[in-house]
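Asks: Please read through the structure below; I'll follow up with questions.
The values are calculated or read from the model by the stated rules, or taken from the named source; none is laboratory data. Bear in mind that the values here come from a model prediction, so they are computed numbers and not experimental data. Cβ coordinates were reconstructed from backbone atoms using ideal geometry, including for glycine residues, and neighbour counts include every protein chain displayed. Side chains included, ligands, DNA and RNA excluded: accessible areas come from the protein's heavy atoms. Shrake-Rupley method; radii C 1.70, N 1.55, O 1.52, S 1.80 Å.
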Amino acid sequence: MSSESPRRRRPTAALALVTVGLILMGGLYAAAGSLASPAQAETSEASPALLEEGSVLYKEGCSSCHGLNLEGVPADSVGKGNPKQNGPSLIGVGAAAVDFQVSTGRMPVGATGQQVVAGRSSYNEEEVAALAAYVASFAPGPAIPSEEDLDTTDASLAEGGELFRTNCAQCHNFAAQGGALSNGTYAPAIDPSRPDHIWEAMLTGPQSMPVFNDTTINPDEKKAIIKYIQNINAAPSPGGAPLGTVGPVSEGLLIWTVGLGALIACSVWLGAKAK
Amino acid sequence: MSTTQRAVATTTTWVDDRTGAGKWLKKNLRKVFPDHWSFMLGEIALYSFILCLLTGVYLTLFFNPSMKEVVYNGSYAPLNGIKMTQAYESTLRVSFDVRGGLLVRQVHHWAALLFVAAVSVHMLRVFFTGAFRKPRELNWVIGVGLMTLAILEGFAGYSLPDDLLSGTGLRIAQGIVLAIPLVGSYVSSFLFGGEFPGTDFIPRLYSIHILLIPGILLGMLTAHLLLVWYQKHTQFPGPGRTNKNVVGFPLFPVYVAKAGGFFFIVSGIITLIAAMFTINPIWLYGPYVPDQVTAGSQPDWYIGWLDGAVRVIPNWETVLFGYNISWNILLPALIIPGIMFTLLALYPWIEAKATGDKREHHLLDRPRNAPTRTGLGAMGLTFYVLMWISGGNDLIAQAFSWSINSITWTIRVLLIVLPPLVFVITRRTCLGLQRRDRDKLLHGRETGIIKRMPSGEYLEVHAPVSSATRAKLVASRESDYAPIEAPPAVDANGVKAPKKGRLGVKLSNFYFANRVIPPTDEEIAEGQHHAADDLETVRPSGQITSGH
C-alpha cells in the first residue's frame, strides 16, 4: 500500500464516493416520488432518512433486476431470454422478504443457477433495515418480526416438533438437515438458521418454499417451530455421533466401510499363516 | 503326549464314560478345516446373528408391541404430551429409561445391518469361487433362503418401533402389496386387518419378527452348518491340495480358539460401533402419523436396492378391463427382485447345464479360471449396486448439488449400458489373467534380467515357477471345460437331431467358446525345463531361487 494517500486508497473510498453521489441523486428522486404519491407514505412508519438511504441502496443494488419502481423486469430484458433471470416485482413483498433475502446473502444474486444460494450478506444490518423499509414503503406486506414475536420462552417444544414434522420435515428432513427437491433445487439445512430468518421464511415462502401465513400457522405455532428447530442443535445426541442425522443411508455406509472393513481386516489377520 | 492331545483325551474320555460318544467326539474334534480369510465371512454373519438373538431377548423384556394409543409422559421432553402407540412409547422407554437399553438397541440394530452385509459378502465369495457346485447345490439354495429371510427379518425389525420412518416403510410395503394384480387389496386387508395402518399389524409383525422368522433362520442355519460339516469345507488349490483331501488345521485346538476368539472380536467391534454411533434415532423421527413424512426417508441398506429400483422405474401404468396395473411398482418391487432371486437360486444348475459336469468339486475355482461366471457375477453386482445408489439419489443430489432428475436419468441409462459392459470387461480381464498364468507355466516367470545375444538381440531371461505357484496354476485344468459340440443337424441315417439338448449346447458355447486351454503336463515340463536352462545361462549357480 502506498503511503502517499492512504485515505484515497482505502477499499471503502470508492464505495463511499458512489454512495454520497447516489444519496444526493436518490434523495432528490425519492423526495420527488413521495410528493407525487402521498398514499405510499402511509404504509410505512420509517423515518424519511432511512427511506432515503434505502432508496439509494435499492437503486444501486436491486433496481437493475427489480425495476426502478419495484415493478420487476421481464425476463428478456435482463437475462436475454433466460426466464430464471427475471426480477419479480417487489411491490407488496414486505420488509420480511427483503430482510430474509438480503441478510441471508441470497440477494443480490451472485450467480444464476437452479436456486439462489445463501452466503455472506453484502449489506450491514442498518443497510438491510433501510432497504426493507424502502421496499415496505411501496405497499403493505409481511413485517420483520419483533423481539416479542421471537420470544420462545413460553412456546411448547412438543407442539413445535409435531408442527415441524407435519409441515417442514417433508422437505427439510426430520432433523432440519435439508433435502433434495426436483431439478437441482433443494430445501436447505435450517438448523443453523437465525430465528428471525425462519420466521420470515415461513411468512414469505422464498423460492420453492410455500407460504405459511398466520392463518395457516399462527404466530404462537411459529414460535413453537422455531423453538423445536433450535433445540435440535442444542440437544445432546444420546446415541453417540449422529452421522449427519440423514437416516439409514449413512448408517449403511458406516457398517459396510468401518464395520465390515474392520472385521475383514481381522479375518485376514486370523487367516494369515503363522510366521 | 502333547498338551493338546492330553486335553482331547481327557475330554473324550469324560464324555465317553457318560454318553458313549467319545469316539465320535474324538474323530470330530480332530476334523480338519482349511485356512483362508474369506472362509470367515460366514462366521461374521453367524456371530452377528447370535448377537441379534441375545440382544433381541433383552429388548423383548421391555418392548410392548401394541398399537394402542397413549399420551407420552416420559423423560424425553420434546415428545411430552404427544399421542403415540405403545410400541413407539415402549421403544422410547427402552432408549431413555431402561438401563443399558439404548446401547442394547443400537447393538441389535448394528448387528442386524452387519448380519445381512456379512451374508451378502459370504455369498459373493461362494459364488465367485464356485463353491456352490456339486455336491453343494442344496446348501447354496439354503443360503439364498437364509439371505431372503435375513432381509425380511431386518425389515420386520425396522418396522416395529412405529416411528415415522418405520411407518413410512410399512406404507410403501403396503403399496407394493396393493400393486399385486387382482388380489392386492384383499391381501392388504388381510395383512393389516382392514385399512392401513389399523391396530393389528405391529402385534402380528412382532410374532413374525421374534418367533417365526428367527425359528426358521435357526433351523436353516443348522442345516447349512451341518451340510458344511458333512460335505467338508472347500479349499483353494495349492500344493498338496486335491479334490479328495482337506489341508488345514484341526478343529481342536486351532479353530476352537480362532472361532471362539473371532466371536468376541465381532461382538467387540459391534458393541464399540453401537457405543460410538447413533443408529435409528427414533426420538427424532417422532411417532408414525400417516400424514407426516420426512425428506430422505430411506430403508436400511439391504432394502435400499429395491427402493432404488422403485425410484428409477418410469411411471408406467396400464388400465386393463377397468383394473389399474401399476408397472411402476410391480416391476421394481416384485418382478425384478423375483427374477434376481430365482436366477440366484438356480445358478448352480444353469452352470451345470453349460459344463455338463457331474463330478464333485471340493477344490475352489480361482475367479479368473471361470471367466464367464465371474463376468456374470460382476454384471449382476453392477446392476445391484446401481439400484442401490439410486436408493440414495436424494442424498447424493443434496451432497453434491446435483439435480435429482439428472441422477435418475443417468442411472436409468447406466442400468442398461453398464452391466453388459462390465460383463465383457471382466471376462476379458479373466481371460487375460489366464493367458498370463498359462505363459508362466509354458515359459516360466519373468526375471527382469535382460540377456544380449551374440547377434545383438535382447531377450528376457525366464525362470521356473515354484512348486507352490505351479500347483496353484495347474488347478486351472479343474475349471476348464470344452464347449459341448452340437450334434449334426441330420445324422448318417437321415434322422433329424432331437431338439433336446440344444439349450445346453448354446449355453456351453456361451460359457466356454473363448476359453484359454490350460497346458498339458508335458508342455509344462518342457516349458519349465526350458526356463531352467534359460536361467542357467545367466546365473549358473542358480542364485535366483525360483520364487514368486
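Asks: Only residues that are in contact (Cβ under 8 Å) with a residue 40 or more places away in the chain and more than 7 Å from every other protein chain (Cβ to nearest Cβ): list them for segment A:229-249, please.
Replies: A:229, A:230, A:232, A:233, A:244
Asks: Still on this structure, please answer the following. Given the condition more than 17 Å from the chain's Cα centre (by Cα) and either more than 14 Å from chain A (Cβ to nearest Cβ) or among the hydrophobic types (A, V, I, L, M, F, W, C) (or both), answer yes or no: does some residue in segment B:371-381 qualify?
Replies: yes
Asks: Given the criteria assigned to a loop (DSSP other than H, G, I, E, B), open to solvent by less than 30 Å² (accessible area, probe 1.4 Å), of a type outside the set (A, V, I, L, M) and in contact (Cβ under 8 Å) with a residue 60 or more places away in the chain, does residue A:164 qualify?
Replies: In short, no.
Asks: Do any residues in segment B:495-510 that are in contact (Cβ under 8 Å) with a residue 12 or more places away in the chain have Cβ atoms under 7 Å from those of residues that are in a loop (DSSP other than H, G, I, E, B) and of a type outside the set (S, T, N, Q), where the two are at least six apart or on different chains, and which pairs are they?
Replies: Correct list of pairs: B:504/B:356; B:504/B:484; B:505/B:484; B:505/B:486; B:508/B:356; B:508/B:483; B:508/B:484; B:509/B:483.
Asks: Oh, and also: In segment B:71-100, which residue that is among the polar types (S, T, N, Q) and within 14 Å of residue B:59 (Cβ to Cβ) is farthest from the other protein chains (Cβ to nearest Cβ)?
Replies: Within segment B:71-100, the match that is farthest from the other protein chains (Cβ to nearest Cβ) is B:90.
Asks: Also, I was wondering about something else. Within segment A:211-233, is there a residue that is modelled with pLDDT under 90 and buried (at least 16 other Cβ atoms within 10 Å of the Cβ)?
Replies: Among the residues of segment A:211-233, at least one is modelled with pLDDT under 90 and buried (at least 16 other Cβ atoms within 10 Å of the Cβ), which makes the answer yes.
Asks: On to the next question. Go through (1) facing another protein chain (nearest Cβ under 10 Å); (2) surrounded by fewer than 20 Cβ atoms within 10 Å (Cβ to Cβ); (3) of a type in the set (D, E, K, R) one by one and return the number of the condition residue B:163 breaks.
Replies: It fails just one condition, (2).
Table: residues versus (1) buried (at least 19 other Cβ atoms within 10 Å of the Cβ); (2) within 31 Å of the chain's Cα centre (by Cα); (3) of a type in the set (Asp, Glu); (4) not assigned by TED's automatic domain parsing to the domain that holds residue A:192.
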{"residue": "A:236", "(1), (2), (3), (4)": "no, yes, no, no"}
{"residue": "A:239", "(1), (2), (3), (4)": "yes, no, no, no"}
{"residue": "A:248", "(1), (2), (3), (4)": "yes, yes, no, yes"}
{"residue": "A:252", "(1), (2), (3), (4)": "yes, no, no, yes"}
{"residue": "A:256", "(1), (2), (3), (4)": "no, no, no, yes"}
{"residue": "A:259", "(1), (2), (3), (4)": "yes, no, no, yes"}
{"residue": "A:262", "(1), (2), (3), (4)": "no, no, no, yes"}
{"residue": "A:269", "(1), (2), (3), (4)": "no, no, no, yes"}
{"residue": "A:273", "(1), (2), (3), (4)": "no, no, no, yes"}
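Asks: Further question: For segment B:19-53: of the residues being of a type in the set (D, E, K, R) and open to solvent by 60 Å² or more (accessible area, probe 1.4 Å), which is farthest from residue B:251 (Cα to Cα)?
Replies: Just the residues of segment B:19-53 that are of a type in the set (D, E, K, R), to begin with: B:23, B:26-27, B:30-31, B:35, B:43.
Within this subset, residues satisfying the condition of being open to solvent by 60 Å² or more (accessible area, probe 1.4 Å) are B:23, B:26-27, B:30.
Values: B:23: 15, B:26: 11, B:27: 10, B:30: 6 Å.
Filtering segment B:19-53 for residues that are of a type in the set (D, E, K, R) and open to solvent by 60 Å² or more (accessible area, probe 1.4 Å), the one farthest from residue B:251 (Cα to Cα) comes out as B:23.
Asks: Where residues in segment B:270-301 are among the β-branched types (Val, Ile, Thr), farther than 26 Å from residue B:390 by Cα and open to solvent by 30 Å² or more (accessible area, probe 1.4 Å), which of them is nearest to the other protein chains (Cβ to nearest Cβ)?
Replies: Going through segment B:270-301, the residues among the β-branched types (Val, Ile, Thr) turn out to be B:270-271, B:273, B:278-279, B:282, B:289, B:293-294.
Adding the requirement that they be farther than 26 Å from residue B:390 by Cα leaves B:270-271, B:273, B:289.
The next check asks that each one be open to solvent by 30 Å² or more (accessible area, probe 1.4 Å); those that pass are B:271, B:289.
On the way: B:271: 11, B:289: 7 Å.
Per the criteria, the residue is B:289.
Asks: How many of the residues in segment B:101-144 are β-branched (Val, Ile, Thr) and within 30 Å of residue A:241 (Cβ to Cβ)? First the steps, then the outcome.
Replies: Filtering segment B:101-144 down to residues β-branched (Val, Ile, Thr) leaves B:104, B:107, B:116, B:119, B:121, B:126, B:129, B:141-142, B:144.
After this cut, where a residue has to be within 30 Å of residue A:241 (Cβ to Cβ) as well, the list is B:104, B:107, B:116, B:119, B:121.
The qualifying residues number 5.
Asks: Give the residues of segment A:169-205 that are open to solvent by 20 Å² or more (accessible area, probe 1.4 Å) and part of a loop (DSSP other than H, G, I, E, B), sorted by residue number.
Replies: Passing the criteria: A:177, A:181, A:185, A:188, A:189, A:190, A:191, A:192, A:193, A:194.
Asks: Does any residue of segment B:116-127 turn out to be more than 14 Å from chain A (Cβ to nearest Cβ) and not aliphatic (A, V, I, L, M)?
Replies: yes
Asks: Filter segment B:248-269 for residues that are surrounded by 15 or more Cβ atoms within 10 Å (Cβ to Cβ) and of a type in the set (Val, Ile, Thr); which is farthest from the chain's Cα centre (by Cα)?
Replies: B:254
Asks: Another question, if that's okay. For a quick check of your reading of the model, give me the residue pairs whose first member lies in segment A:178-193 and is more than 8 Å from chain B (Cβ to nearest Cβ), whose second is of a type in the set (Gly, Ala, Ser) and open to solvent by 30 Å² or more (accessible area, probe 1.4 Å), with beta-carbon atoms closer than 6 Å and at least 6 apart or on different chains.
Replies: A:185/A:208
Asks: Does segment B:217-230 contain at least one residue that is among the β-branched types (Val, Ile, Thr) and in contact with a Lys or Arg (Cβ under 8 Å, 6 or more places away or on another chain)?
Replies: Checked against the condition, which is being among the β-branched types (Val, Ile, Thr) and in contact with a Lys or Arg (Cβ under 8 Å, 6 or more places away or on another chain), segment B:217-230 yields no hits at all.
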